[in-house]
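Structure, as structure tokens:
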Amino acid sequence: MTKRLEGRVALVFGAGCVSDDWGNGNATAVLYAREGARVICVDRNRRAAERTQDLILGEGGDAIALDADIAVSAAVNEAVARGIETYGRIDILHNNVGILEIGGPEQTDEATWDRVMAVNIKGFYLTCRRVLPIMTAQRGGAIVNISSIASNRWLGASSVTYYASKAAVNHLTQTIAVEYAAKGIRCNAVLPGLMNTPMVIEPYRALYGSFDAMVAARDAMCPTGKMGTPWDVAYASLFLASDEAKYVNGALLPVDGGLSCKSA
Ligand SMILES: NC(=O)c1ccc[n+]([C@@H]2O[C@H](COP(=O)([O-])OP(=O)(O)OC[C@H]3O[C@@H](n4cnc5c(N)ncnc54)[C@H](O)[C@@H]3O)[C@@H](O)[C@H]2O)c1
């Protein structure tokens with residue numbers, strides 16, 4: 001059976017994980033490779049990118065590892081150039097990078113606001129700006145942006161920078177979706193709900209008092225009684241990146257076990 005991304009090249013920003021475990025980024029990069037894509041694994045942390053590359057090579061796939069900060073345009077441009085140099089094309093752009101800071105408007109200083117906005121939304125604009133002309137020349141491509149259900153609802157703890165930056169990701173996604181549809185380029189977003197990934201452990205451990213209390217509280221908020229896993233985000237992304245979603249454009253797809261159907 002033909003693999004779902006056979007012959008495709010996927011560029012994944014934030015392809016590592018903050019710990020030596022599975023997060024949304026490395027699970028998605030590995031799944032894209034399992035489905036036949038050659039993967040350009042980019043991460044600010046070179047070791048994390050290499051770890052994902054090793055996972056892919058270990059399964060018989062094809063990948064390279066690059067380090068770049070998504071918020072720095074020269075670094076983004078260099079990573080895209082290196083990817084093109086290696087594989088000659090980019091069919092899928094997957095923006096996974098996202099950082100979380102807890103705090104409302106009065107607890108958030110200006111430097112924190114600027115840093116989260118630079119990483120969570122400016123970075124997505126920088127990667128899209130560089131890759132869209134490449135996809136236009138290729139007459140097609142798929143962009144998958146990782147947003148959050150925090151983009152459109154209160155999620156129990158104030159994080160003004162995270163909520164606002166993820167709302168902007170949604171609109172960036174839909175703007176590109178409309179503007180580039182006639183060029184054969186689709187742009188969709190995955191809105192994960194409460195996922196059990198390493199990125200939430202540190203910010204939320206302090207808030208809930210302990211790791212176990214954090215897991216219990218977040219599990220209890222989910223209609224299923226359990227947080228989601230990185231693979232739930234990876235499989236939704238795979239669908240949006242594949243031709244199975246060829247008429248899905250501008251979608252903001254919640255992957256949250258039904259959480260966003262509950263009143264806030
Ligand atoms: N875990 C959840 O509950 C949850 C819920 C909703 C949305 N999300 C979203 O999922 C995405 C991340 O999930 P994850 O589990 O892969 O997290 P993660 O933090 O483990 O992985 C993200 C990777 O991005 C890299 N990174 C951080 N800043 C970077 C930068 N400036 N430039 C390049 N790379 C950088 C990190 O080094 C890390 O390897 C984020 O967009 C996040 O907002 C997560």
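The values are calculated or read from the model by the stated rules, or taken from the named source; none is laboratory data. Keep in mind it's a predicted model, so treat the numbers as computed, not measured. A quick note on method: Cβ atoms are made from the backbone with ideal geometry, for glycine too, and the neighbour counts reach across all protein chains shown.
A few notes on this one:
- When Ala48, Ala118, Ala74, Ala63 are screened for being among the hydrophobic types (A, V, I, L, M, F, W, C), within 17 Å of the chain's Cα centre (by Cα) and farther than 16 Å from Val160 by Cα, only Ala48 passes.
Residues checked against (1) away from the ligand (no atom under 13 Å from the Cβ); (2) assigned to a loop (DSSP other than H, G, I, E, B); (3) crowded, with 19+ Cβ neighbours inside 10 Å:
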{"site": "Val116", "(1), (2), (3)": "no, no, yes"}
{"site": "Ile121", "(1), (2), (3)": "no, no, yes"}
{"site": "Leu126", "(1), (2), (3)": "no, no, yes"}
{"site": "Arg129", "(1), (2), (3)": "yes, no, no"}
{"site": "Tyr163", "(1), (2), (3)": "no, no, no"}
{"site": "Met214", "(1), (2), (3)": "no, no, yes"}
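- If you check Ile70, Ile84, Ile90 for being in contact with a helix residue (DSSP H, G or I) (Cβ under 6 Å, 6 or more places away or on another chain), crowded, with 16+ Cβ neighbours inside 10 Å and free of Cβ contacts under 8 Å to residues at least 60 places away in the same chain, only one passes: Ile70.
- For Trp154: the one exception among (1) modelled with pLDDT of 95 or more; (2) out of contact with any Leu (no Cβ under 8 Å at 6 or more places or on another chain): (1)
- Any hit, region 176-189, residues being buried (at least 20 other Cβ atoms within 10 Å of the Cβ) and either within 12 Å of the ligand (Cβ to nearest atom) or in a loop (DSSP other than H, G, I, E, B) (or both): yes
- In region 136-164, the residues that are without any contact (Cβ under 8 Å) to a residue 24 or more places away in the chain reach residues that are assigned to a strand (DSSP E or B) and within 9 Å of the ligand (Cβ to nearest atom) with C-beta atoms within less than 9 angstrom, at least six apart or across chains, in these pairs: Ala150/Leu191.
- Any hit, region 242-252, residues being touching a Leu at 6+ places or on another chain (Cβ under 6 Å), without any contact (Cβ under 8 Å) to a residue 60 or more places away in the chain and surrounded by 13 or more Cβ atoms within 10 Å (Cβ to Cβ): no
- Screening region 17-38 for residues that are closer than 23 Å to Arg89 by Cβ and small (Gly, Ala, Ser) and picking the one that is surrounded by the fewest Cβ atoms within 10 Å (Cβ to Cβ) gives Gly36.
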